[in-house]
Each structure stands twice: as C-alpha cells, then as structure tokens.
Amino acid sequence: MKKIKNSIIVLLCLVTTIVVGQPKGDVVIKGGTVLTVTNGTLENTDVYIKDGKIQRIAENIKAPSGVKVIDASGLYVMPGIIDAHSHLGISTVNEATSPITADVWTGDVINPYSVGMYWALAGGVTSIHAMHGSANVIGGQNETMKLRWGQTDPEAFRMQGAPRTIKFALGENPTRVHGRGNGVNPSTRMGVEFVIRDGFNKAIEYKKAWAEYEASKKKNPRAVPPKYNLRLQTLVDILDGKILIHCHSYRADEILMLTRVAKDFGIKNLTFQHANEAFKVAPELAEFGAGASVFADWWAYKFEVYYSTAYNATILTRNGVRTSINSDSGELIRHLYHEAAKTQRYGDLSDDEALALITINPALQLGVGDRIGSIEKGKDGDIAIFKNHPLSVYTVPQYTLVDGVVYFDINNDPDDMRVNINPEESIEPVILDENHERCMQDTEWIFNNK
Amino acid sequence: MLKAKKVVYQFLVLAALMLTIEAVAQRDEMAPVTDTYAIKNVTIVQAPGRVIPMGTVLISNGLIKQVGASVTIPSNAKVIDADSMFVYAGFIDGLSYAGIPRPEERQRPRDVLSMAPPYEWAGIQPHLPATQFLDPSDKSLVQMREAGFTITQVVPRGQMLPGQGTILVLSGEDKSEMVLREGSTLFSQLSGARGVFPATTIGVMAKWRDLYRNASYARIHSANYASNPAGMERPDYDPVIESLFPVTTNQLSVTFDAKSDLDIHRVIALQKDLGFKLVLANIEKGWPAMSKIKSSGAGVLLSYDLPKEAKIDSSREMETDRDKEIAALEKKNVEAYMQYTSQAAKFSSGGVKFGFSSMSAKPADLKKNLMIMIENGLSEDAALSALTTNPASILGISNIAGTVDAGKMANLVVTTKPYFSEESAIKYVFADGDMYEFDIKAKSESSTEGAEVIVGTWNYTASSGDGDSEGVITITNDGGGLSGSMTNSQVPVPGDISDVSISGKEVSFVVTFNMDGQNFEVEASVTVEKNTMEGELITPFGNAALTGEKDPNN
C-alpha cells in the first residue's frame, strides 16, 4: 500500500512542473466585498483559491478541512495591484553605454533582497514590471515579476510564461546620455527616430543573412554562418512580434513618431510609458491600438514634462486607449490605489474604470491579462484585501496574496523584513536603499567623468 | 606530572602570546647542498583520515620518494628530526592574484566609444595567460607559502574576462621554475568595464552569450577552413574568439568570481544557457544557493575570508524603544555572522566538495579562520580536504599533488602540533622539493616595538588616476596596542585603523571606512623617514600613491 502511495507521489512529481520557490497556496477568503474589476462588485462573497488558482467565487463556500480561511467580512477584496513600470527587485537598471542595448535583460539580475518589494506588497502590489532604465533609445529587456518576498532564488520571482518585453526611450534622456554625454547619435529627437529605424533596418538585413545561411546549409554543409549578434537578434525578435515594446516617452509628437515607425515595420504591440502628453493624441493611440501607462499627477521634473494634466488617464480611457497608472518609484508603488483614486477626483472615472488602471489594464499591457488583473475563475490567486474601499483616502491594506500564499499581513508585519543581512553593516546611520526615481540609475558615470 | 605541568605552562604562555613566524632560511644565492631530505619520526597525515603515527617521508629531486613507518634513509639525505611534529600535503589554493600586481590606472582615449570599445578597453582579454602578468618576486607569493600553500592558481586582474589561469608551485625564483600549468582555466567576473560596454552585470551577461555563440559558430567555420580552404571565406583573425573555442567544447573550464549567492545564481543561469564547464570561486556567501550549486555540478572554491565578528553591546541599557531596536538589529548582525562562520560546515554536511580560494582573503588569516569554521561545525578532515585533495581535483592535478604519497610532488607542510590546534605553528614548508624553514618565536600580543616611527599625526595626499585626495592619519599607542583613525576628503566619515604592523621603517595597516552603511577596507603600506612617509594605498576602487608629513603641531 505504502509502495503504491510512494509511486503515486513520484508520478505526481513527474507530471507537475514545480518551479523552485514558487509555492501555490489554498485559501478561502470569506465574506468580503469582492471587487472583481471585470465582473462588477459582489457583496458578501467568498473566494476559494486552490493550488494557487481561483477555483470558485460564490456565497457561502465551505472551506475544505485544513484549508486556511481569511475572514474578510467588512473588508474589500480586489485583484493584486500590478505596476507596469518599476525598477524594484533588480540590481542593475541601465547599461547606458550604447543607444541600443537590446541584448541586455533585467531578468538576469533579479535581486530577491530588494526590500522595496515587501513595502510594495504592503501596498497591495503583487506583480511588477521591472524595467531597464531610459538612458538608451532601445534599452534592455524587462522582467515581469511576482513579489514572492522571502524567497532567495531569483527564479522564484519570475512570472513564468509572461511574454518578453523591452524598454524604448524617446526625448531628453537618451539625447542627454548619448548626444550630450558621449557625443554620438542621437542628440536630437530626429536622431532618436533615426537610431530606431537604422536598428530595425540592420535587423532586417541580419535576419535575411541568417535565412540565406540556413537555406544554403542544406545544400552545402560547409556554408559559412554570418557573425552572430545578440543585439540584432533581439531586434529581429521585436520585428517578429515576440517582444512587446514599452516606450518611455512624454511629448505628443514623439509618441506619434513611434506609432509611424511601428506601422512602417509592422510592429503591433506598443505601450507608451509616462506619456504625459498622450491625451493630445488619444484618438490616434486608440486607432493604433497602443496602450499608455501614465502617472496620476507627477510632472514638471524636467522641461519635456511641463505640459501635463491630471486628467491624462481619464481622457485616454474615455477615448478607448488601454491605460494604466504606474509608479516608477519605490514610494509611489506603496499607494497606487490612491494614485488610481485621483482619476475620480480629476475625471469622474467609475470605480471599475479606476481600479482597472492598476489591475487588468497593466496586466493586458504586459501580455498577462489572461492570468492576472481581475478576480475570475481560473486566474492566479493574486489578491489584495483592504479595510475601507481601496479608492477611499481612508483605505488601509490588510493582506496581500500571491498564488494563494499570504506575503503581507498587517497583523503580522515585523519591523525588520530584510532577508539579506550584512553582518558588517553599521546599525546607524540608517540608509534607505530605495530611491524615488531610478530611471537613470547607473548612468552617473557619464556625467561625472567629464 | 611534570609533563602535565609543562603543557599547562606552555598553554598559558601561548594563550597570552601571539605567534609570529618569520622566514629565516629562504633559498639564497647558494644552491642547497642536497635536494634529498628525510623527515624523520614525524606523524604523517598522508591524506584526510589516512595517518601514519610515526614514520619518515623521503624526498628527492622535487618528488616524494618514500613514505612509511620504516624507510631507509640514504647517506646523502639531509635528515630533519621532526619528533612530535606533523607533516601534511602542501596546501593548494584554488584561485588567487598572488604575484599578479594591480595594473596601472589608464585614462581611456577620447576616440574609444562607449558603445563599441576595443576588447582591451571592454575588459575582454580571455587569450592572455596570467603568466604574462606574473611578478615572481612579489611578496604575496611568499605570504602564501608562509601560510602553508605550495600551489596556487593565479589569474590576471581585470573585468569581464581578465585572462587565463596559471597554476604555480610556490618555489623558485622565476617563471620557468614556478609555472606548473598554463591555460588552466578561463577566468571571468560579472563586473563590467568602466564607462564602456559591457559596463554592468546585465551587459556582461549579454556579452557572454554573444561571445560564446559567436565562438561556437566561428569554431566550426575555422575547422572547415582548416580542412579545406579552397573557395571559402577566410575566418577573421580574432584571438579573443579563438581562445573561447575550448570553452565551447568543454575542454577548458570557466572559473567565475562569484562572491555572493546572487552572483552564483546569475553565473549558473549563464552556464545553463550556454553549457560551459564551471568552477564557482571566491564564494563568501553561497549557502542560500547551495542546493543549486550542488545540482549544477560546478567545482566550488570557498573564500576563507570571514566578516568582522559582529557583537552585541551588552552594556547598552534597554530603556527606550530606540535601544531595543538597536539591540534587535545587532542580534540580526550576529545571526548573519554565524551564517558566514558555519558556511563551510554546511557545504561539507550538504555533500558539496569544496576547496579554498585566497582571492579576497589574507593568507595570514588562514589558520585563524579555519579554526573559527571548525568551531562552527566543520570537521578537521573536511578542512584538510579543502586545503589539499579537493582543490587538487578541481585544478586537475590530483595525480601530482594533494596527498603525501610516493611519486607526488614534494609539497609538504610540517607543523609543530596538529595543524588544526590553537598552538600549532608551521616549522617547514617544502615546495617542489625546496625547503623553507620558519623560526617560531613568541611575540607579545601587546608588542608595539618600534612604534615610535609611526605614532603621531600625519597629513597626507593620495594620488591616483582619478585625482588627488587628502586627509589625516592619526596613530596612537595606548600601551595595549596601536590604533587610530584616518580621514579622507572623498569619504564623509573617518575610518578606523587596525592591524598596524611595523618592521623597521616599513609600516602597514588597515583602515576600515564606512560609506552608506557598507564597510570597505583600505590597505596602507608606507616607508617612514623621520617626519615623512611614502607608500601606497590599496583600495577597492584602485591604488593610490601616498605621501605624508608629520603634523608639526601634534
């Protein structure tokens, strides 16, 4: 009997792909007001998460024996918040040495010890888009992560199966770093467009050369391969639709420019990050099918960000542009629910519309809208539970769950949540290592080395 | 009774005193009269767990000739009466910079673009052997030998791909005598070049994939061209790519400097991606990744460096919340410190074989730190394996080194007591059959002999490629020892001076600075002439030349 049991266990282990450090939990969240985002609000409803997935949403679900129960009566249960623009959880942000660095990838340097991720969990955030910085026109590839705080293996933080994404950047940052900093193209917005078109044209040639090699290899085993180039290969992958573009941008003219470039090269999937002037070209963005991931009301930190409005997200939403609100900050990420609520103060968005800005919309922009971003059967058990409505100024996060596992519980929230301790670290003075704006991190040498 | 008394007396003396060793019989101009030695009446630890309680080791022509309880000693042998002593296989260090001087700081020419730097500015020189950079007269080689090491694998300094390893035997005066094997491994680091691609870890990882795949294609092209060049495009001349060919065929291992668990995860990710043969070296914090290391099959070289001991200030009053918070943080630091000191034991009991690396450790700390690891659960046999048989196997030299067996190189360490005991000291080191004898003299711990040359206040200037900085060095003698502080115009908080060592006019000390909550060490070595000093500062950011003058007002 025991033998049979053992072989069943062995069999189960063989068929289930278990990723190290990605535990899946069973839990019933009872009696809360469930803000599904995609299917309205359900009063006094239970959510049963089994093996990390939402199994049932109904009234009076009887918790199977041994399954954890969270009493959510009087509380609000919403999908875990998703930040489409963050630099938390990675050790390097910018490889600022070239106008195109498509070959680098923040997913190579996931840092499980970045304590800002726990602080984000304490703000109801369950997933982040850990992006390369904005120093380069075509920057590095990004990583979509789940905040499984406490794990030490970087693999534990990957959102398995999420599509590849890449950072582009227009305007002042790349022209400052490369044009003014290094004396190379681009030093103007025209130069930025040229760098992109030139890169894609070279990628087309590169793809052709490899196709020719593969064809001739069949007839001639001694055929000489072209020189392998990971940077161009990555651009080929963008052209082939395998990588979604997320582009740092502010001005309406340059936003339109990139949609034209995308049309010329047959690129379909575009999301504009920051996009402070996107409201001026909202119909054009809607027509293209591009998304926008914006701040609620953050601007004027440099010249190209002066023409801005807190109505940006509302105007975009009303024009049918898929819009999200992001943080780009270790601080704002802790209250993205307030950031979303600002669209009600400034634009009268409905609760579902406002919540969609920090849940299902960023999920769709990251290509994972079928898995996270709303409370629906079959989706991942990524949940944030609040006291008072999350769009109220009185709201307080209570629990945050990823795959049905509780990672933040306000009643069990020790002062020191660091996982990595350097025994030589001085106790005072205390240095907080999460900065406000990290988009230009790792580029300091360009300006200091003059 | 008498004997017991003697032991107690010795213990008391030794406990109060610190042992210092000094090489007295270095090989000088004259060749030794014989190269045959018989180490007699010695306890022979042939290998971990393999001991001959009383026997003789006979060596000749640089090789171990005979090992056993009864060995006939030839008449031409120099006999070493090693009664009550212990002989071990010479220690093997898996990875170091011994004898590899730090390169001079160079200013990058304006025409080297950050986006497309030549290999030499990108930190990519995998075709260069460490031998090319070796300075056989460098004192670091002597320091290694004083700690019992007879073999070390040295690698060039640099960034992403500094070059190839050379295995050295720590004997002889020039490269022809010292080099055991060139091209022993390909050395790599995740640290980027300054200001050019690849400048960061993400750049280095991308560049690794790019170079490796390029090399895989180029190798086939080169082979095809070599077999029949007619009608075929000629391969580019590219020594960098060519030097990676044996890596792509698993004939040459890649040794990564992987200090932290994050480095380890990243390097193993690269290895899984590309498939090269891997050695993870200089591991300071590897325990969180231990199971992954084990399943990767990589060779493992732990650093024997340990952090400064973290302590709880027991005199603190626990009145305010602030006091309690500080105490809790101190407790965490102590717990973290214990993780470091028990790492070797964890790897050993977890079934991961490892050797040691001196890369970021001081050979003089070897014994002290090994004893701390043993206190924290490492067995003596496992420690000895990590010093001998395991690194021999990782370096691929088990057939010639690592145990005391006939036929192996005459690399031996002879100690006065079992090596893994507080009171032991190294009396002889044999390297490649050459004998080095050490004078064991007890020196009082509080000795401040010759301290007057350095005690006082000094104003100094430090010049490096990055420009000048200045500050004040203050060294005081409080009777119990030398201590002090050092300021520097580029560091906001003064650093603490420790480990002051004086030998005539030569003074060296260590300064520990704290910046943004992180400690970093600066090693200073200066020559003092009455009211002036001149020397060098070795910092994690590069070297600086130091000149100083005694402050006349102090």
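What the table below lists for this structure:
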{"read-out": "Straight-distance crosslink candidates among aspartates and glutamates, where the alpha carbon sits under 16 Å from residue B:427 and sequence neighbours closer than 8 are dropped", "value": "B:22, B:81, B:83, B:146, B:437, B:439"}
{"read-out": "Rounded tilt (10° steps) of A:252-264 against the dominant C-alpha axis of chain A", "value": "80 degrees"}
{"read-out": "Volume of the Cα convex hull of segment A:109-257, divided per residue and given in Å³", "value": "161 Å³"}
{"read-out": "Stretch gain in nm, segment residue B:421-residue B:470, where the contour uses 0.36 nm per residue and the Cα spacing is subtracted", "value": "13.2 nm"}
{"read-out": "Flagged links, alpha-carbon separation over 21 Å, of A:30/A:377; B:285/B:417; A:24/A:146; A:167/A:242", "value": "B:285/B:417"}
{"read-out": "Over chain B, relative contact order from alpha-carbon pairs under 8 Å, at least 6 apart, %", "value": "15 percent"}
{"read-out": "Share antiparallel - DSSP beta bridges, the protein assembly as shown, percent rounded to 5", "value": "70 percent"}
{"read-out": "Helix-only CD estimate at 222 nm, as mean residue ellipticity for chain B, using -39500 (n - 2.57) per DSSP H run (n ≥ 4)", "value": "-7500 deg cm²/dmol"}
{"read-out": "C-alpha long axis of helix A:230-239 to longest principal axis of chain A, angle in °", "value": "70 degrees"}
{"read-out": "Pair residue B:182, residue A:208: separation of 7 Å Cα→Cβ label points (nm)", "value": "4.6 nm"}
{"read-out": "Chain B - Rg (one decimal) and Dmax (whole number), Cα, Å", "value": "25.4, 91"}
{"read-out": "Gap separating the Cα centres of segment B:132-205 and segment A:308-329, nearest whole Å", "value": "55 Å"}
{"read-out": "Semi-axes of the equivalent ellipsoid for segment B:451-550, Cα gyration tensor, largest first, Å", "value": "20, 16, 11"}
{"read-out": "Computed over the protein assembly as shown, Kirkwood Rh from alpha-carbon pairs, angstrom", "value": "32.0 Å"}
{"read-out": "In Hz, Karplus ³J(HN,Hα) per residue of segment B:152-159 (6.51, -1.76, 1.60; θ = phi - 60°; x = Gly, Pro)", "value": "9, 9, 9, 9, x, 8, x, 10"}
{"read-out": "Residue A:331-residue B:478 FRET efficiency (beta carbon distance; Förster radius 41 Å; 0.05 resolution)", "value": "0.30"}
{"read-out": "Footprinting exposure proxy for B:453, A:402 (fewest neighbouring C-beta atoms within 10 Å first)", "value": "B:453, A:402"}
{"read-out": "Distance between segment A:136-212 and segment B:267-345 - C-alpha centres, whole angstrom", "value": "34 Å"}
{"read-out": "Extension gain, residue B:334 back to residue B:137 (0.36 nm per residue minus Cα-Cα distance, nm)", "value": "66.9 nm"}
{"read-out": "Helix A:2-15 axis, angle to chain A major axis (alpha carbon atoms, nearest 10°)", "value": "30 degrees"}
{"read-out": "Neighbour-count ranking [beta-carbon atoms within 10 angstrom, fewest first] of A:108, B:551, B:174", "value": "B:174, B:551, A:108"}
{"read-out": "Proxy reagent accessibility, fewest Cβ within 10 Å first, across A:287, B:284, B:233, B:521", "value": "B:233, A:287, B:521, B:284"}
{"read-out": "Spatial separation of Cα centroids for segment B:57-109 and segment B:483-517, in angstrom", "value": "35 Å"}
{"read-out": "Quotient of Cα Rg and 2.2 N^0.38 Å for chain A, N being how many residues it contains", "value": "1.03"}
{"read-out": "Helical segments meeting 15 Å axial Cα length and Kyte-Doolittle -0.5 threshold in chain B (DSSP H)", "value": "B:2-16, B:201-227, B:261-274"}
{"read-out": "Stretch gain in nm, segment residue A:310-residue A:51, where the contour uses 0.36 nm per residue and the Cα spacing is subtracted", "value": "89.2 nm"}
{"read-out": "Paramagnetic label zone (point 7 Å from Cα along Cα-to-C-beta, residue A:393; backbone N under 12 Å) in segment A:315-357", "value": "A:342, A:345"}
{"read-out": "Candidate lysines - alpha carbon under 18 Å from residue A:227, same-chain residues fewer than 8 apart omitted", "value": "A:202, A:207, A:208, A:217, B:207"}
{"read-out": "Reach of residue B:550 by Cα under 27 Å, taken over lysines that are not fewer than 8 positions away in the same chain", "value": "B:505, B:530"}
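Where a number appears in this text, it was derived from the coordinates with a stated rule and is not lab data. Quantities reported herein were computed from a predicted structural model and do not represent experimental measurements. FYI the Cβ positions are ideal-geometry reconstructions off the backbone, even for glycines, and counts take in every protein chain you see.
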